[in-house]
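**Q** Here it is, the structure, as structure tokens.
The values are calculated or read from the model by the stated rules, or taken from the named source; none is laboratory data. Everything quoted here is computed from the prediction, not taken from an experiment. Positions of Cβ are generated from backbone atoms using ideal geometry, with glycine treated the same way; all protein chains shown enter the neighbour counts. The accessibility values were calculated without ligands, DNA or RNA, using every heavy atom of the protein model including side chains. Shrake-Rupley method; radii C 1.70, N 1.55, O 1.52, S 1.80 Å.
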Amino acid sequence: MLKKGLFKRPGNTLEKTQGDNVLPVPNVPETLFTTCKGCKAAVLTNELAQNLYVCPRCGYHGVIGARVRLMRLADDGSFEEWDAEISSADPLLFPGYADKAAEARVLSGEKEAVVGGMMRIQGCPCAAFAMDSRFMMGSMGGAAGEKITRLFEKAAQMDLTVIAFTLSGGARMQEGILSLMQMAKTSGAVKYHSDAGNLYVSVLCNPTAGGVTASFAMESDIALAEPGALICFAGPRVIEQTLRQKLPKGFQSAEFLMDKGFIDAVVPRAQQKDYLGILLKLHAKEHKNASV
Amino acid sequence: MQAFDRVLAARAKDRPGCADFIANIFDDFVELRGDRRYGDDKAILAGIARLEGMPVTVVATQKGTCTGERVAANFGCAHPEGYRKALRQFLLAEKFARPVVTLIDTAGAYCGLGAEERGQAQAIAECLTTLMTLRTPVIAILTGEGGSGGALALAVADRVWMMENAVYSVISPEGCASILWKDASKTEDAARSLKLTAEDLLGFHVVDSIVPEGAGFDKAYADIRSRLKDTLGALKALDVKDLLSARYKRYRTMGGFLG
């Protein structure tokens, strides 16, 4: 039998120090270790970053910034950002929105929840964008909608495949009905790009919800997802509150959606570059026009 | 009237439902059921009717008028099969070059296990892309509640009209107050902040015109009937390419951003 308190951390007298005596800095920098949300283990932050923020112990796919994600996906030095200057407005003058957006800009280091542009993956050119959960949970307002729309339009004109890493709580409610309209706007652009004969691959990341799932995330030719990602229209909390019942384990996970026929494959982050590279090569334009 | 009063008016039990609009605006309505994939969602009422002699496809949400009907119609909240039922009618309309009129009064797409598992998001998304390039005129009328993606799925159109006391919003004021401010007592503030009234939406060019209710619904039905006849006539006269490019632009210009 385990002895009670065996795994208890021995008391640290320094932590208990009160008042003016508080030591200014803890001995271990806070950033040296990161607690994995999946297995709760302390993982070396450096190791985690090298592993694309996937826990080396349990494989949990953690938060990765949009820009880092794209840079790590692109062939060295091939990423060229598009429409970097676009940021959100406050069309409804919604209470507290301006402050929240300013905070998000600091937190994420981005001007908006979407970063996109052109890149090469294993030598194949494509357009790609990623959403950033640190920017108001990746919610889609007018600026995000505009960036995504422009990217599809430009990709259509350049005959480029679009790869989208979706990650969003849904429409940004601080922009009211105008955020809802971004679903229609982006859907129009997806269709325009598609009707021109171009490939669109979405990679649904944790979480993809609401108006983003119900628009461009689910409008791709090929839909991939990251392991364990929550993918839904209505979030689990909303459903549990509405139905007053607990959801089964794994409901609305990437694996669940694949089983139900809405996702082509669950692809771990480390394999995505190879996977997308193969898809790009299979859809290379010379094949399309090859003589029979 | 305050924004939240409009919300209450839009939700009022005695407010005419979409079925009343259909009965009073169109003739010879023939109901067509089912999505041919899973089932027949009673939250969506669809079919073909005549408008001053012209065949049109009508797709509406349905809340039901008595308890039995309301339960059968799931209180107007459609499942994926409802959106796929609508989708089927949109494609039939395109095949026979019939204009589409949609009538919308829903709190939103249903949130539930079955809805999620059968692809609520995918069904709505497919409605959006399909309507965006449907090669026939589409007019959407918000008659009561316009609840988020579940309403938008039927409201991508060449013209969007709104009843004077209808509301249209990305989220319910209750949902907004509880998510943003964790405070249900702020529902009225949320209703005001969300700018969800017909006047607000006209200002944002999300709706093109407002149908007055002051003189009663019989007057409103007659008003809608004559507007539909004129507008559908004008839209039908357009080259399909021009129609679609105008529809694309209608949504392309929506939303604010800096830079």
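**Q** With a cut-off of 8 Å between alpha carbons and a minimum separation of six or more residues, what is the relative contact order of chain B in percent?
**A** 18 percent
**Q** What list of ³J(HN,Hα) values in whole Hz, one per residue of the range A:131-137 in order, does the Karplus curve 6.51 cos²θ - 1.76 cosθ + 1.60 (θ = phi - 60°) give from phi, with Gly and Pro shown as x?
**A** These are the phi-based 3J(HN,Hα) values: 9, 10, 5, 6, 9, 6, 6 Hz.
**Q** With Kirkwood's inverse mean 1/r over C-alpha pairs for Rh, give me the Rg to Rh ratio of the protein assembly as shown, two decimals please.
**A** 1.01
**Q** Let me confirm one metric for peptide A:85-95, namely the mean number of other chain beta-carbon atoms within 10 Å of its residues' beta-carbons.
**A** Per residue, the number of nearby Cβ atoms from other chains is 4 on average.
**Q** Solvent-accessible area of residue B:5, probe 1.4 Å, all protein chains present, reported in Å² to the nearest ten, please.
**A** For residue B:5, solvent-accessible area is about 70 Å².
**Q** With a cut-off of 8 Å between alpha carbons and a minimum separation of six or more residues, what is the relative contact order of chain A in percent?
**A** Contact order relative to length: 13 percent.
**Q** Go through A:199-212, A:60-73 and give me the packing order, highest mean Cβ count within 10 Å leading.
**A** Those peptides, ordered most packed to least, come out A:199-212, A:60-73.
**Q** Moving to a separate point now. Roughly speaking, what is the centre-to-centre gap between the range A:54-108 and the range A:118-146 when only Cα atoms are used, to the nearest Å?
**A** 8 Å
**Q** Oh, and also: Which residue fluctuates the most in chain B, going by a Gaussian network model with Cα springs under 10 Å, if the choices are B:151, B:215, B:86?
**A** The residue with the greatest mean-square fluctuation here is B:215.
**Q** Peptide B:144-152: average number of partner chain Cβ atoms within 10 Å per residue?
**A** 4
**Q** Please report, in Å, the Rg and the Dmax of the range B:1-124, where both are computed over Cα atoms only.
**A** 14.9, 44
**Q** Also, I was wondering about something else. Residues with beta-carbon under 11 Å from that of residue A:196, excluding residue A:196: net charge, scoring Lys, Arg +1 and Asp, Glu -1?
**A** With Lys, Arg at +1 and Asp, Glu at -1, the net is -2.
**Q** Right, here's the next one. Please get the size of the charge dipole for the protein assembly as shown, origin at its Cα centre, with Cβ charges of +1 on Lys and Arg and -1 on Asp and Glu, quoted in debye to the nearest 20.
**A** It works out to roughly 1260 debye.
**Q** May I pose another question? Under 8 Å for C-alpha pairs, at least 6 residues apart: give me the relative contact order for the range A:32-150, rounded to a whole percent.
**A** In percent, rounded to a whole number, it is 23.
**Q** Now for a separate question. Need one value: the accessible area of residue A:134 in square angstrom, 1.4 angstrom probe, rounded to the nearest 10.
**A** About 90 Å², ignoring ligands and nucleic acids.
**Q** Something else about it: Counting only residues 5 or more places away or on other chains, whose amide H sits under 5 Å from the amide H of residue A:198 once H atoms are built in the peptide plane?
**A** Placed amide hydrogens put nothing under 5 Å from residue A:198.
**Q** Rounded to two decimals, what ratio of Rg to Rh does the range B:110-161 give with C-alpha atoms and a Kirkwood Rh?
**A** 1.02
**Q** Run the count for the range A:133-292, please: Lys pairs, Cα-Cα under 18 angstrom, 8 or more apart or on different chains.
**A** Close lysine pairs under the 18 Å cut-off: 7.
**Q** Calculate the mean, over all residues of peptide A:233-240, of how many other protein chain Cβ atoms lie within 10 angstrom of the residue's Cβ.
**A** The mean count of partner-chain Cβ atoms within 10 Å per residue comes to 5.
**Q** Charges at C-beta only: +1 for Lys and Arg, -1 for Asp and Glu. How large is the resulting dipole of chain B about its Cα centre, in Debye rounded to 20?
**A** Charge dipole of chain B: 680 debye, to the nearest 20.
**Q** Right, here's the next one. Taking Cα centroids, how far is the range A:159-184 from the range A:221-292 in Å?
**A** If you average the Cα positions of each part, the centres end up 17 Å apart.
**Q** Provide the per-residue ³J(HN,Hα) series for the range A:206-220, in order, calculated from phi with Karplus coefficients 6.51, -1.76, 1.60 and θ = phi - 60°, each as a whole number of Hz, with x at glycine and proline positions.
**A** Karplus values, whole Hz, x for Gly and Pro: 7, x, 10, 9, x, x, 7, 4, 7, 9, 5, 4, 9, 9, 7.
**Q** Of B:111, A:39, B:127, which has the most accessible area and how do the rest follow, probe 1.4 Å?
**A** So the residues, ranked largest to smallest area, are A:39, B:111, B:127.
**Q** Next question. Using a 4.7 Å Cβ cut-off, which Cys residues in chain A lack a partner cysteine?
**A** A:124, A:126, A:205, A:232
**Q** How big is the Kirkwood radius of the range B:137-188, worked out from every pair of different alpha carbons and given in Å to one decimal?
**A** Radius from the Kirkwood sum: 12.0 Å.
**Q** Please figure out what share of the DSSP beta bridges in the range A:64-288 is antiparallel and state it in percent, rounded to the nearest 5.
**A** Around 40 percent antiparallel, to the nearest 5.
**Q** Count the DSSP beta bridges whose two residues both fall in the protein assembly as shown, then state the antiparallel fraction as a percent rounded to the nearest 5.
**A** In the protein assembly as shown, approximately 45 percent of DSSP beta bridges are antiparallel ones.
**Q** Then there's this: Counting only Cα, what are the radius of gyration and maximum Cα-Cα distance Dmax of the range A:86-203, in Å?
**A** Looking at the range A:86-203, its Cα Rg and Dmax stand at 14.4, 47 Å.
**Q** Would you mind classifying chain B by shape? Square roots of the alpha carbon gyration tensor eigenvalues, ordered a ≥ b ≥ c; an a/c under 1.5 is rounded, otherwise it is prolate if a/b is larger than b/c and oblate if not.
**A** Taking the square roots of the gyration eigenvalues as a ≥ b ≥ c, chain B is rounded.
**Q** Could you give the radius of gyration (one decimal) and Dmax (whole number) of the Cα atoms in the range B:163-247, in Å?
**A** 17.4, 51
**Q** For chain B, give the share of DSSP beta bridges that are antiparallel, in percent and rounded to the nearest 5; count only bridges with both residues there.
**A** 40 percent
**Q** Out of every Cα pair in chain A, what percent are spaced more than 32 Å from each other?
**A** Beyond 32 Å sits 32 percent of the P(r) for chain A.
**Q** Would you work out which of B:131, A:210, A:179 lies farthest towards the positive end of the dipole of the protein assembly as shown? Charges go on Cβ: Lys and Arg +1, Asp and Glu -1.
**A** Comparing the listed Cα positions along the dipole, A:210 ranks first.
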